[in-house]
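Q: Structure below; questions to follow.
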Amino acid sequence: MNATFATWRDHFERLRANKLFETAVIAIILLSALLIGAKTYEETTRFEQWLLVLDTAITVFFLVEILIRMAAEKRLRDFFRQGWNVFDFLIVMASLVPLDNSDMVLLARLLRIFRVLRLVSLIPELRVLMAALVKSIPRMGYVALLMFIIFYIYAAVGSFLFADIDDFLWGNITAALLTLFRVATFEDWTDVMYATQEAYAWSWLYYLTFIFLTAFIFLNMMIGIVLDVMQKESVQIEIENGEGEAAELHGLRDDVRRLSDQLERMEATLAARENAPRG
């Protein structure tokens, strides 16, 4: 029984590591994304039955695929020790919500959208980007806090100075913050500046210093943090890959050493039999 289970597990493990199988999974994920997009067009309503059948087939494929990956593990708990495996499992389980139930149809469609995120778990480069993004968030939080302080100071100054010029844009601190966000994203910011320049000719200095701080300094700080974390992630992956290759080579050396010892014992046994006196 154990031998049969081990044989099937080896088959599943080879299938999981097969590049064609991985490519097929990626292709099905892309097909699922296209299917979600197709359902947003009214012209596809006449093919609704076929789209439902196709969606069911994709869901079944994902279920079989996740079961194969689980069966390929020596112990089931090893599968759930990896965060990306847990993520894939939750996405697949969420996809099992039926579409034919009118009360759950909206939830089911929303959950199926997240199946596209499985591309992140299947493509190593995307995993590196996602890990770098997640690890960058704490450090970017401090930059965002400092940026908010600058925004708040400039918004308060702008509200005090320019409220009489345009109450809609500068009437209170909230409106001033939204206006500054418009300026920071360069959305017709010159129109805002020209309106205040008619009353205060020096107001260009207010906008240029704000843009210099937010659009140039803080944005580059954000980019620098992400690049630094990505570089560290790449180095860590290279180190892990190197350790994995070293461990594999060490295991091969141990196998060779054991085979050599077995050959020496076999040669010694054969030599002893040849030298033994014959009756």
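The values are calculated or read from the model by the stated rules, or taken from the named source; none is laboratory data. As the structure is a prediction and not an experimental result, all values here were calculated from the model. Cβ: placed from backbone, ideal geometry, glycine included. Neighbour counts: every protein chain shown. With ligands, DNA and RNA removed, areas are computed over all heavy atoms of the protein, side chains included. Shrake-Rupley method; radii C 1.70, N 1.55, O 1.52, S 1.80 Å.
Q: Each residue of region 65-74 in order: what ³J(HN,Hα) in whole Hz does its phi give by Karplus 6.51 cos²θ - 1.76 cosθ + 1.60, θ = phi - 60°, with x for Gly and Pro?
A: Working through the residues one at a time gives 5, 5, 5, 4, 5, 6, 5, 6, 7, 5 Hz.
Q: Rounded, prolate or oblate for region 3-122? Axes are the square roots of the Cα gyration tensor eigenvalues, ordered a ≥ b ≥ c, and the cut-off for rounded is a/c under 1.5. Intermediate values should be presented prior to the final figure.
A: Working: a/c = 2.33, a/b = 2.01, b/c = 1.16.
Taking the square roots of the gyration eigenvalues as a ≥ b ≥ c, region 3-122 is prolate.
Q: At a probe size of 1.4 Å, how large is the accessible area of Leu259, to the nearest 10 Å²?
A: The value for Leu259 is about 100 Å².
Q: Considering the options Ala199, Ala108, Ala94, tell which one lies farthest towards the positive end of the dipole of region 78-208, charges being +1 on Lys and Arg and -1 on Asp and Glu at the Cβ, about the Cα centre.
A: Ranked along the dipole, the leading option is Ala94.
Q: In a Debye calculation with equal point scatterers on the alpha-carbon sites of region 139-235 and no solvent, what is log10 I(q)/I(0) at q = 0.19, 0.21 Å⁻¹?
A: -0.86, -1.00
Q: Which order do the peptides 79-86, 153-160 come out in when sorted by mean C-beta neighbours inside 10 angstrom, highest first? Please report the intermediate quantities before stating the final value.
A: Details: 79-86: 13.4, 153-160: 17.5.
Descending packing order for the listed peptides: 153-160, 79-86.
Q: If packing is taken as the mean number of other Cβ atoms within 10 Å per residue, what is the order of 31-43, 127-139, highest first?
A: 127-139, 31-43
Q: Right, here's the next one. Treating only the Cβ of Lys, Arg, Asp and Glu as charged (+1, +1, -1, -1), what charge dipole size does region 139-235 show about its Cα centre? Round to the nearest 20 debye. Present the calculation step by step, with values, prior to reporting the outcome.
A: Values: 3 positive and 9 negative charges, 97 e Å.
It works out to roughly 460 debye.
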